[in-house]
1. Under 25 °C and 0.890 mPa s, how fast does segment 127-281 diffuse according to Stokes-Einstein, given a Kirkwood radius computed over C-alpha pairs? Answer in µm²/s, whole number.
2. What is the projected area of the convex hull of the Cα atoms of segment 597-667, averaged over all directions, in nm²?
3. What Kirkwood hydrodynamic radius, in Å, does segment 406-446 give when the mean of 1/r is taken over all pairs of distinct Cα atoms and then inverted?
4. From largest to smallest, what semi-axes in whole angstrom does segment 773-814 give when each is the square root of 5 times an eigenvalue of its alpha carbon gyration tensor?
5. Whole-Hz Karplus ³J(HN,Hα) for segment 283-297, in order, using 6.51 cos²θ - 1.76 cosθ + 1.60 and θ = phi - 60°, x for Gly and Pro?
6. Using every Cα-Cα pair within the chain, state what percent have a distance larger than 54 Å.
7. Please work out the Kirkwood hydrodynamic radius for segment 538-584, using every pair of different C-alpha atoms, and report it in angstroms with one decimal place.
8. Can you run phi through the Karplus equation (6.51, -1.76, 1.60; θ = phi - 60°) for segment 187-192 and list ³J(HN,Hα) in whole Hz, with x for Gly and Pro?
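The values are calculated or read from the model by the stated rules, or taken from the named source; none is laboratory data. Being a predicted model, the structure only gives us computed values, none of them experimental. A quick note on method: Cβ atoms are made from the backbone with ideal geometry, for glycine too, and the neighbour counts reach across all protein chains shown. With ligands, DNA and RNA removed, areas are computed over all heavy atoms of the protein, side chains included. Shrake-Rupley method; radii C 1.70, N 1.55, O 1.52, S 1.80 Å.
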Amino acid sequence: MRGGYSAEHRQAQQQMTQQYLQRQQQQQQQQQSGAQAASGGTPTVGNETTIEISGCADPTIGVIARGMYAYVTQNHGRPAYKKTEQVNGVDVMIYYWDERDGPTFSGWWLGPQIGGDQVWAYQPDRSAPYVPSSGWKVPYHADVDPTFVVAKAKSAPTAMAEQQRKQQEQKKLQQMQEQQKEEQQRRQEEQRKKFQEETLRKQQEQQAVAAVRRVMQKMWTVTEDNFETLKAEVDNALVQNTTNLGSQLEKMKGDIKTCIDQAQKQIEEAKEAKRKQQEQIEKTRSFAEKIQAQLEAVDAEIATLRETLEEFETACKEQSDSAEAPEAWISKYSESIAAAKEKAKVCSDKISDEVKEMRSADGPQTPDPQMASLTARTSECGRRLSSLLTSATFAVQRAKKKAEAKAKMVAIESVFDKYDSNKDGFWSTSDAKKYAQGEMSLKLSDELLKPALRALGAGKEGIKKADFHRLKMALGIVRERQIDEVRRADRLKREKELEGLKAALQSKVDDASAQLKEIEEKVNTLDELCTPLSDKALSGSTPAEISKMAAEVGDSAQDSHSQLESLKPVVANLTEEVDPSIKAIAAMQQKALDFRVRALESKVTKAQKAVAHARNVGEKKGRQELIAIEGRVLAVLRNFQREKSQTTQEMFAAASGDKDASLDLDGFKSFFQEAQDAVTEKDGEEKATDKETFSDGDLERVFSLWKGAQEGLTEELFSDQVRLYYKVLKDASIAEGVDVESSALIRLEVGDIVEALCGGPSLHKSSGCSRMRAKALKDGTEGYVTTCGNGGTKFLQEVTEFRVVSDTALAKTFDIEEDKEKQRTLKVGEVVEVKRWPVKDEKTGLTRLKCRCKGHLEYGFATSVGNRGAVFLQMI
């Protein structure tokens, strides 16, 4: 049945779940109490087959949610309930959703279907095994609604009464909804009728406006003749549609008045344009008559010029001696053409001005065929004048060429007449020889001249004047043959000279090639010499061995480099001061030699780099070796110092005989031997340790490192190496005696620094603590302090290194103003070994210490704290 489940359906549902619920009731009650405790005590309805929702402050969701719910299924391991009645045909479900879609979607939900997108209420308690009684958010994104309560369903009679009450409420709600629907339909019908009436009225207004405007459109073609007729039609259309125009009446009256005013204005403008057009026609007619007369004059001049040109051409044909006439004639003729062109241009300019004036005039513009004809006639005059000038230029050029040709013939004939000895118009053999000698600088014998005469077919009379040009060609051939003989001789001589130049060049190339071959043999041995300088080979070599190998390879590479440098100028000069004809050959030979030189240079450079790398490796290994030896030497000295319980000053005085004196190398060796012998022998029953070996070279290297630039090792330099500093890790005290129960002299706080006076800590047998004699740097108090307790607790820790936190200079002396030349710049991240604890320079306000870069051998002074508090070095 529509609206919910029937009683039979509910009874069947209850029977299906009753057995399952009874079997798990006890376990679920235990889970309920545990879940309530875990979830902060949120109450639930328990394991019920029917539950009821009441309350809800939200009026819309309250109608949906309030009512009876029956158990229907399990979802994600927890019970789900369905409302016994639908709301507006929609089911209402209460169900649980786990964290598969995320924790924000997990909890108890109220919605139309399990897992659906639409929900009305939400309870976020994920630990509740049954439907929570309270804590529901309504709507799901709002705050908790305290009035929304889920509880166990009431008894049957009460539930039946409640059910009847709700059905009556539902019936009243449906009646109210039907009344509201009827009222809404009535209002919609009234609005529909009103809309139809308004639409009809607007349609009538639009039709009336359109009817009036159709008549008004006729005014667009108004003329002076039909103005009154059209005006009467517009007024009549307005009267006929006055009733239907409605709100548009006044607007249409204004539009009609504007339309009539514009029509009147249009009529007046048409009258004015017609008057101006008539004036322009009269003006154009007068102007055309004047231009017509001028163009006729230009035509007459063109006809005269054409007749003059024809007369000149006729004269050039009839008279062959008029070569002097063309220049003067063309000048005069050009002036006449220029004058005629100027007149034509004046006509053209006047026509253009008139056309521009006509176009700029007010009123309608209509093309004037008469003006177009005048313009075309003016252009034609210009073309005819240009054609006449071109024809005249060609006529003059023809006349000049004819005169020049005639002049050349006269000159040729004059030469022939000059060497014609008997003036009979024929050259004899002797005349031809004289001509060849005088004009062509060619000495001819009879044997050379006879072939030319036979080719000309010269008879007994001699060579005719008409064959003179053929004779010139024959003599030219003879002259070219003689020139070829001279050229051949010169070529053979030049080839012989080139052979000598090539031989000299080849000799230089051979000498340079021989030198290169000698260098190549030496350079090829460098590859074998560089084999021991590889990283793998160097890793197993001592610094001395590396230095020896690097010196051997370096000397050979330097010798080869010097030879190559001396050979370079020789190769470069192969193309200098060389004959241009063999310069290409020299350049080719030079290129080949230069290629060999560069190849050898590459090998030498590679060897030099290997030598530099080996030396760097050797120097680094040497530094590491020396630092290791230094550490072993210091270990012996500090052990000796602890055995003798001597301060650094006392130990140095015992070694040098006087603390103010310096220790030389022999004294240092003697003292070190004494210290080494002392520390390898133990008192009592302890077994003696093996004696560590040091060579004289090892001790000499350490001694040179410590003394630096000084002549000997002073007490200050010796103390810088041997002394030790410790940092306080836990509060301690400096006592008067070595015993731990001795009275305390001062209190040491965390961070204080002390200097070990006798080589560092040693085990105090009675207490089991490590103690040492020390001096507090903060006030100079001397006494005994515990470094490590008998339970392993560290009170003091040795301090040997500082880290650079800001770039600072490493100088040679403590006074930074005296030492302007810094050794190097300490970069951020570098580590230095402290040799003398930081002390404030009262003159500059800088706190400075003596140190050595870790892994390096150079000592210097650096600023740890600036005079304004800036930190450059930080204790590690």
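1. 102
2. Approximately 7.3 nm², given one-decimal rounding.
3. 10.7
4. The equivalent ellipsoid of segment 773-814 has semi-axes of 31, 17, 7 Å.
5. So the J values, rounded to whole Hz, are 5, 5, 4, 5, 5, 4, 5, 5, 5, 4, 5, 5, 5, 5, 5.
6. So the portion of pairs separated by more than 54 Å is 73 percent.
7. Hydrodynamic radius (Kirkwood, Cα only) of segment 538-584 equals 13.9 Å.
8. Ordered by residue, 3J(HN,Hα) equals 5, 5, 5, 4, 5, 5 Hz.
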